[in-house]
Amino acid sequence: MEYDLTAIVTPYVTDYIREKTVHNNPLLYELEAYARDNKVPIAEPETARLVSVLTKLVRPKKILEVGTAIGYSAIIMAEGLSDDGSIMTLEYDENSVAIARENIKRAGLSDRISVIEADAKNYLSYLDCDESFDMIFLDGPKAHYLFMLDDCVRLLKKGGILVSDNILFKGMTADDGHFARRKVTIISRLREYIDTLMAHPQLETAILSQGDGVTLSVKTISDRERFIAE
């Protein structure tokens, strides 16, 4: 059997998973079509479903999203919020901010999702630790993940979940001979980001081949903190 080196998971498996991963939300179908027609990057269907399930499991009170795009993921995550929950989502592109706010309004979620026009790499450093989150979804510029990690860990509550999307970047992250030179900076930073996640003393991380690659990290209690608590 021949394998497509541009695919993280063999195509027939991906086709099967996507055939089974369906929803019945007309607005989400519309946003998916808009993203496809306008080449707007949104979460792959498998990743969107994973994030949806995670939020429903955790029932977070506060979610931080980096990379709003057209509001697709934020709308999906809002379904799993606790009754008094909210989402802060950051987007640096002015046009995307306007589109996302309109889509969120159409979804009836303007009171639960706040779209902030900002460069997340800088904005996160201004957030106080009191502004802590139960879940953080990183889906912005991949080359910036590494520079945002310290603030994400700082802002994540103990037991909170950090989800990082597109971590395998069409498989390029895993194979030295499988990416163009123009991608070398993104790939090297993603590799360093993964290494840092896996070795981080406050995080326990799993790497999944879901969609375009996802890491799931939970902020753990250190041995010292566990000793003090006992």
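The values are calculated or read from the model by the stated rules, or taken from the named source; none is laboratory data. Remember, predicted model here, so these are calculated numbers, not experimental data. All Cβ positions, even for glycine, are placed from backbone atoms using ideal geometry, and neighbour counts span all protein chains on display. The protein model used for the area step is the full one, side chains on, heavy atoms only, and it has no ligands, DNA or RNA in it. Shrake-Rupley method; radii C 1.70, N 1.55, O 1.52, S 1.80 Å.
Modelled this way, with points 7 Å down the Cα-to-C-beta line, the labels at ASP119 and GLU102 are 2.7 nm from one another.
Amide H contacts of ILE136 (H built 1.01 Å from N, in plane; Pro and chain starts excluded): LEU64, ILE161, LEU162, VAL163 sit under 5 Å, all sequence-distant by 5 or more or on other chains.
Would you mind telling me which residue in ALA78, ALA174, ALA100 has the biggest mean-square fluctuation in a Gaussian network model of the chain, where springs connect alpha carbons within a distance under 10 angstrom? The residue with the greatest mean-square fluctuation here is ALA174.
For the chain, lysine pairs with C-alpha atoms less than 14 angstrom apart, excluding pairs fewer than eight positions apart on the same chain, total 10. The three principal axes of the Cα atoms in segment 99-161 give end-to-end lengths of 34, 26, 19 Å, sorted in falling order.
Rounded, prolate or oblate, given the Cα gyration tensor of segment 10-76, with a/c below 1.5 counting as rounded? Note, shape of segment 10-76 comes out oblate. Each residue of segment 161-171 is assigned a 3J(HN,Hα), and the resulting list reads 10, 10, 10, 10, 9, 6, 6, 9, 6, 6, x Hz, derived from the Karplus form 6.51 cos²θ - 1.76 cosθ + 1.60 (θ = phi - 60°), x at Gly and Pro. In the full protein context, the chain carries 54 Å² of accessible surface per residue, based on a 1.4 Å probe and ignoring ligands, DNA and RNA.
With the charge dipole of the chain set up from +1 on Lys and Arg Cβ and -1 on Asp and Glu Cβ about the Cα centre, the Cα lying farthest toward the positive end among the listed residues SER96, TYR12, LEU146 is that of TYR12. A simple rule links phi to the HN-Hα coupling: the Karplus curve 6.51 cos²θ - 1.76 cosθ + 1.60 with θ = phi - 60°, which for segment 110-122 gives 4, 7, 10, 10, 9, 9, 10, 7, 6, 7, 4, 4, 8 Hz, with x for Gly and Pro. All Cα-Cα distances of segment 1-138, cut into 10 Å bins from zero to the largest, leave 11, 39, 34, 13, 3, 0 percent in each bin in turn.
A Förster radius of 35 Å combined with the Cβ-Cβ distance from ASP37 to SER86 puts the calculated FRET efficiency at roughly 0.70. Ordering of 25-33, 192-200 by packing is 192-200, 25-33, highest average first (other Cβ atoms within 10 Å, averaged per residue).
Using just its DSSP H runs of length 4 or more, each adding -39500 (n - 2.57), the chain gives a mean residue ellipticity at 222 nm of -13000 deg cm²/dmol after division by all residues.
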